[in-house]
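A.B. asks: Below you'll find the structure I mean.
The values are calculated or read from the model by the stated rules, or taken from the named source; none is laboratory data. Because the structure is a prediction, the values reported are computed rather than measured. Glycine gets a Cβ as well: all are built from the backbone with ideal geometry, and neighbour counts include every protein chain shown. SASA here: full protein model, heavy atoms, side chains in, ligands and nucleic acids out. Shrake-Rupley method; radii C 1.70, N 1.55, O 1.52, S 1.80 Å.
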Amino acid sequence: VRPIDRALAVPLVPRIELGTESYDGWKRSFDAIPSGVEKQIKALVSDSHRGLVFNARRRKWKVQRCNFHLLKSLSVRRSIKSTRGNKEVGRKIIALTTVILTTRDRQKITEAINELEEIGWVSKRGSLGAVISSFLRYLDEYRTYLAYPKLKLPRTNNAAESFISGLEKLCAH
């Protein structure tokens, strides 16, 4: 957790469970947060795992979906390193997505959304269309950092993932 008025986060007591991420696992983890701390939490920055997002919403926290994970997911499905046509479309997708994620100009956002939707509709690769559709469905949660500037939310959850990775390495020893 990170206080709004500080740059450094404070780790809570780690919870380690066997298996994969699940709604129930995240519920148990959230339930283990000390009540004095939980009452102060206003938002969650997440990689969009359904269990995380659902549990955060149930607690009435704002959700900031990770912009890095979105851009990575889009670029994997339409690599900017592949064929010329794919490279151009990949660059266009990333450019449109960046406009949507960062600008406050409603007209520019609307134009970028329309172009991105069209790319998703005509894409022969179904997974690309699904990622674009999901992004646009949860658009507000990718832009929470803009809607609530006083919360000083990061656009990615990379710091948390880096901490978790270090903790996993430590546990392996």
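A.B. asks: Tally time: how many residues in the stretch 108-145 are open to solvent by 20 Å² or more (accessible area, probe 1.4 Å) and β-branched (Val, Ile, Thr)?
C.D. replies: 5
Residues are listed down the side, and each one gets a yes or a no for (1) farther than 30 Å from residue 18 by Cα; (2) modelled with pLDDT under 95:
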{"position": "68", "(1), (2)": "no, yes"}
{"position": "82", "(1), (2)": "yes, yes"}
{"position": "100", "(1), (2)": "yes, no"}
{"position": "110", "(1), (2)": "yes, no"}
{"position": "126", "(1), (2)": "yes, yes"}
{"position": "139", "(1), (2)": "yes, no"}
{"position": "147", "(1), (2)": "yes, no"}
{"position": "157", "(1), (2)": "no, yes"}
{"position": "173", "(1), (2)": "no, yes"}
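A.B. asks: Within the stretch 16-27, count every residue that is without any contact (Cβ under 8 Å) to a residue 60 or more places away in the chain and either closer than 25 Å to residue 152 by Cβ or loosely packed, with under 13 Cβ neighbours inside 10 Å (or both).
C.D. replies: 6
A.B. asks: I'm trying to understand the selection: among the residues of the stretch 28-51, which are open to solvent by 70 Å² or more (accessible area, probe 1.4 Å), within 24 Å of residue 140 (Cβ to Cβ) and either free of Cβ contacts under 8 Å to residues at least 40 places away in the same chain or β-branched (Val, Ile, Thr) (or both)?
C.D. replies: Within the stretch 28-51, 40, 50 meet the criteria.
A.B. asks: What do you reckon, is residue 8 in a helix (DSSP H, G or I) and either open to solvent by 80 Å² or more (accessible area, probe 1.4 Å) or not polar (S, T, N, Q) (or both)?
C.D. replies: Here the answer is no, as residue 8 does not meet what is asked.
A quick yes/no check of all residues on (1) aliphatic (A, V, I, L, M); (2) more than 20 Å from residue 4 (Cα to Cα):
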| site | (1), (2) |
| --- | --- |
| 30 | no, no |
| 36 | no, no |
| 42 | no, no |
| 45 | yes, no |
| 52 | yes, yes |
| 59 | no, no |
| 62 | no, no |
